[in-house]
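FYI, it's all coordinate maths here, none of it is from the lab. This is a predicted model, so every value here is computed, not measured. For neighbour counting, all protein chains shown are included, and Cβ atoms are generated from backbone atoms with ideal geometry for every residue, glycine included.
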Amino acid sequence: MSITDDAIAFEHEHCAHNYHPLPVVISEAEGAWVTDIEGRRYLDMLSAYSAINFGHGHPDLVAAAEKQLHRVTLTSRAFHNDQLGKFCADLARLSRHDAVLPMNSGAEGVETALKVARKWGYQKKGVQHDRAQIIVCEGNFHGRTTTIVSFSDDPVARDDYGPYTPGFVAVPYGDVDALAAAITDDTVAFLVEPIQGEAGVVLPPTGYLEAVRELCTERNVLMIADEIQAGMGRAGATFACDLVGVQPDIRILGKALGGGILPVSAVTADWDVLGVIKPGEHGSTFGGNPMAAAVGIAVVALLETGEMQERSKRLGEHVLATLRGANLPGVKEVRGSGLWWAVELDGTGRTGREVSLELLARGILAKDTHTWTIRFAPPLVVSEADLDAALATIIAVLEESVVPRSADSAP
Ligand SMILES: *Cc1c(COP(=O)(O)O)cnc(C)c1O
């Protein structure tokens, strides 16, 4: 048994088995690189599902966290703290909304948006009590709470967690006519990922988000964009909706908003929407804590220079051109936006997990999703040389024999 095997067995014995991690035990990281407990280095091409957009240990973010760590970390919202006002002001400006409601995990951000939308429906739109409907998309991923899995169509995420929360209907992603047909007088909101992340970096058809925006305005339905994974520079713009010039009524942010240091999520909206929440009606012990706010302020400052978004867009175009130009065998599609892409295998050879294990053996961390897709999201600070070397490795691995092997059987 290697010390890696020991560490994995130890974790397996005491930690619930709600994940199936790749067999690597990380102990340190810097920038786009991580080091395992045996001293091997890997290029991180997952970035904790886009929570590490600015790289591990970004000096500005670590400095902000360190400084705040020695001042005050938690006050609760029973009192004011001297970081929260600036965080909300800065994030509202970045999101081009009036105000911010801070939470912690992404799922809490989604729950917050759903609650705001329902309350807005009753108080502003005049929907009859307890009749509010929210439309969602097939193939969505919005988190793991009981309400959120109620409107998931992924049996793995949903089965045996009922009874499910009512009030949601699903329409096919990318189909604006289906959305139009599903809207009733009781519809308060449409919740959509501008690019579906967990589904495998699925981009909507051209013109979709613009048409959704128009339809929502016309029918007095709130457009809620879940930008938890797609936002914060990942898709090649500050927010993925920016790629097509769309401003949602409610934006949900998370993951990279906490700089990979601590969980920070937020809902942003204008006062005519967010103003429906009054004191005591929603909250969180940790939401808006000064530690999170201090890191969040530094994250917004990084995005306000535009440098991360520019790198994401430019390097992402290079990646797509390189991988598509390689005409890879056994690959059905390469798609992406910014430094965020998926390789979908054609289902005749190795699975996404088998390819991910092979990449791991060659020093690249990436993760499969839905059996046949491998998702890549390197930190936006990755150097061009590191990225090119990784692309060469990815191409070499994909060009290898497409003969199926059983998962996890490699020595
Ligand atoms: C990750 C994710 C969430 C949930 O965030 P957690 O912090 O894991 O609760 C919600 N929506 C999208 C689009 C995500 O990618």
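List of remarks:
- The residues packed around ASP368, meaning those with a beta-carbon under 9 Å from its beta-carbon, carry a net charge of +2 if Lys and Arg are +1 and Asp and Glu are -1.
- Fewest-first ranking of ASP177, ASP249, ASP270, using other Cβ atoms within 10 Å as the exposure measure: ASP177, ASP270, ASP249
- When the charge dipole of segment 25-81 is built from unit charges on Cβ atoms (+1 for Lys and Arg, -1 for Asp and Glu) and taken about the Cα centre, the candidate among TYR49, ALA64, LEU74 whose Cα reaches farthest toward its positive end is LEU74.
- Stretched out straight at 0.36 nm per residue, the stretch from ILE8 to THR217 would grow longer than its current Cα-Cα span by 70.1 nm.
- Peptides 74-85, 379-390 ordered by average Cβ neighbours within 10 Å, highest first: 379-390, 74-85
- Degrees, to the nearest 10: 384-399 long Cα axis against longest axis of the chain: 70 degrees
- For LYS278, a cut-off of 14 angstrom between C-alpha atoms picks up no aspartates and glutamates at all, skipping any fewer than 8 places away in its own chain.
- Distance-filtered residues of segment 225-252 - backbone nitrogen under 18 Å, label point 7 angstrom along ALA301 Cα→Cβ: none
- Computed extension length for ALA396-ALA89: 105.8 nm, one decimal, from 0.36 nm per residue of separation with the Cα-Cα distance subtracted.
- Links that overshoot a 26 Å alpha carbon limit, given the list LYS313/LYS367; LYS332/LYS367; LYS125/LYS255; LYS67/LYS255: LYS125/LYS255
- Cβ-to-Cβ counts within 10 Å put PHE286, PHE10 in ascending order as PHE10, PHE286, the fewest first.
- Ordered by the number of other Cβ atoms lying within 10 Å of each residue's own Cβ, fewest first, CYS216, CYS137, CYS15 fall into the sequence CYS15, CYS216, CYS137.
- Net charge of neighbours whose Cβ lies under 11 Å from the Cβ of THR146, counting Lys and Arg as +1 and Asp and Glu as -1: +1
- Net length gained if the chain between GLU317 and VAL62 were fully extended (0.36 nm per residue, minus Cα distance): 88.8 nm
- Cβ crowding within 10 Å averaged over residues, with 52-60, 201-209, 337-345 ranked highest first: 337-345, 52-60, 201-209
- R0 of 56 Å, Cβ-Cβ distance ARG362-HIS129: FRET efficiency to nearest 0.05: 0.45
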